[in-house]
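Just below is one structure, and these are the notes that go with it.
The values are calculated or read from the model by the stated rules, or taken from the named source; none is laboratory data. The model shown is predicted, which means the values in this text are computed figures rather than measured ones. Here the Cβ positions follow ideal geometry from the backbone for every residue, glycine too, while neighbour counts run over all protein chains shown. For the accessible areas, the whole protein counts, side chains as well, though only heavy atoms, and no ligand, DNA or RNA atoms are used. Shrake-Rupley method; radii C 1.70, N 1.55, O 1.52, S 1.80 Å.
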Amino acid sequence: MGRPAQTRGFTVTELMVAMAILGVLLSLAVASTGQRRAEVRSFADRLSGECETARLRAMSTRRWHRVLVNDRGVYVDQATTTGMTAPTAYEQIAAIGAPTQVQIVAVATTTAINPGAARADGDGFDQEIRFAPDGSSSSRTVWLSDRRRASVYRVAVYGATGQARVYEGW
């Protein structure tokens, strides 16, 4: 009697188990990416909404408003005086923290409508988005992304009208 023949390779059952595990891992990765994208888009929409609210509040109260953006979140201030004269003092009326998966990358002093390169991390955090009582504002763009830079958005604020709009991509 001879030795039984040695078989090499994997059985069909082993291959099916490996494929099932791979499928589960892939579906988790896709779901995670979709969730991060939705979180960044949601924060971009919220920032745009806060800018619109500050613009409308400035017109209705006849007080300047400003939106300050830094790497931790967004802060909305209202002037302590009324009228078109540039104010010297503000009081904070709202604060919105950035979700942990959202990175506020930079702020620019122009309205970036067309896609292009983003600013370096932290650029322009000293810039404020000011809304005058007549509805106009300072032109600004805020760049947002997830921590992996897979989902990127920009919020553009138009100077003449003070309106804000969210764009996908940099």
Solvent-accessible heavy-atom area per residue, rounded to whole Å², over the range 25-170 at 1.4 Å: 48 Å²
Gaussian network model of the chain, Cα within-10 Å springs - most flexible of V142, V12, V69: V12
The range 112-170, accessible surface, carbon-and-sulfur percent (1.4 angstrom probe): 44 percent
Principal axes of the range 1-154: Cα extent on each, largest first, Å: 105, 26, 22
Degrees between helix 12-61 axis and first principal axis of the chain (Cα, 0 to 90, nearest 10): 0 degrees
GNM result for the chain, Cα springs below 10 Å: residue of M19, M59, M84 fluctuating most strongly: M19
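Using 1/(1 + (r/R0)^6) with R0 = 25 angstrom and r between the beta carbons of T161 and S27, what's the FRET efficiency to the nearest 0.05? The partial results should precede the final answer.
Numbers: r = 44 Å, r/R0 = 1.75.
Once the sixth-power term is evaluated, E becomes 0.05.
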Estimated vicinal HN-Hα couplings, Hz - the range 155-170 in sequence order (Karplus 6.51, -1.76, 1.60; Gly, Pro = x): 10, 9, 10, 8, x, 5, 9, x, 7, 10, 9, 9, 10, 8, x, 9
Cβ-defined net charge surrounding R57, 12 Å radius [Lys, Arg +1; Asp, Glu -1]: +1
Added length on full extension, which subtracts the Cα-Cα distance from 0.36 nm per residue, I113 to T100: 2.0 nm
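So what is Rg over Rh here for the range 94-170, counting just Cα atoms and using Kirkwood for Rh? Display every interim value, and only then the final one.
Numbers: Rg = 12.4 Å, Rh = 12.8 Å.
Answer for the range 94-170: 0.97.
Subtracting the Cα-Cα distance from 0.36 nm times the residue separation, let me have the gained length for Q6 to D123 in nm, one decimal.
Working: separation 117, 0.36 × 117 = 42.12 nm, distance 6.53 nm.
Result: 35.6 nm gained on full extension.
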